[in-house]
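For reference, the structure discussed in these notes is given below.
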Amino acid sequence: MDSKFDIEISNALLEFNREAVLYCQGISDTVAHDYAVDYARMLQNRAKGYEFSLPLVPYGLFEPNRNLIRAALERIAEKHFPSKNKPKLK
């Protein structure tokens, strides 16, 4: 049973990573791009069941951009890691 779960989470992580990398590559602003990569990494850790914390918001990243990045990556994560017990992020 553990082996099946490991395969499923590995496949989900690969698909999430593929889609998240494409999304992050489309961000031309360096500050926003780096935040998106950090946020995607945090979502991967959350999906693996690891302890996680929100990435620090860098100086120069405006709130609308931050919210857009978070919403887009959360949608991607929800598609690949559906969970009813997902912790709410503020």
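Read-outs: derived from the displayed coordinates by stated rules, not from any lab. Predicted, not measured: the structure shown is a model, and the values here were computed from it. Please note: Cβ atoms are built from the backbone with ideal geometry, for glycine as well, and neighbour counts cover all protein chains shown.
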Response to the item:
With Cα coordinates, the longest principal axis of the chain makes an angle with the long axis of helix 63-80, in degrees rounded to 10, of 20
Item to complete: Note down the magnitude of the dipole of the chain about its Cα centre, charges +1 on Lys and Arg C-beta and -1 on Asp and Glu C-beta and zero elsewhere, to the nearest 20 debye.
Response: 320
Worksheet item: R0 = 22 Å: FRET efficiency of residue 53 with residue 30, Cβ-based, nearest 0.05?
Response: 0.45
Worksheet, complete the sentence: In this structure, the FRET efficiency calculated for residue 8 and residue 62 from their beta-carbon separation, with R0 = 30 Å, to the nearest 0.05, is 0.20
Worksheet item: How large are Rg and Dmax for segment 2-80 when only the alpha carbon atoms are used, in Å?
Response: 13.1, 44
Worksheet item: If you line up the long axis of helix 30-48 against the longest principal axis of the chain, both from Cα atoms, how many degrees apart are they, to the nearest 10?
Response: 20
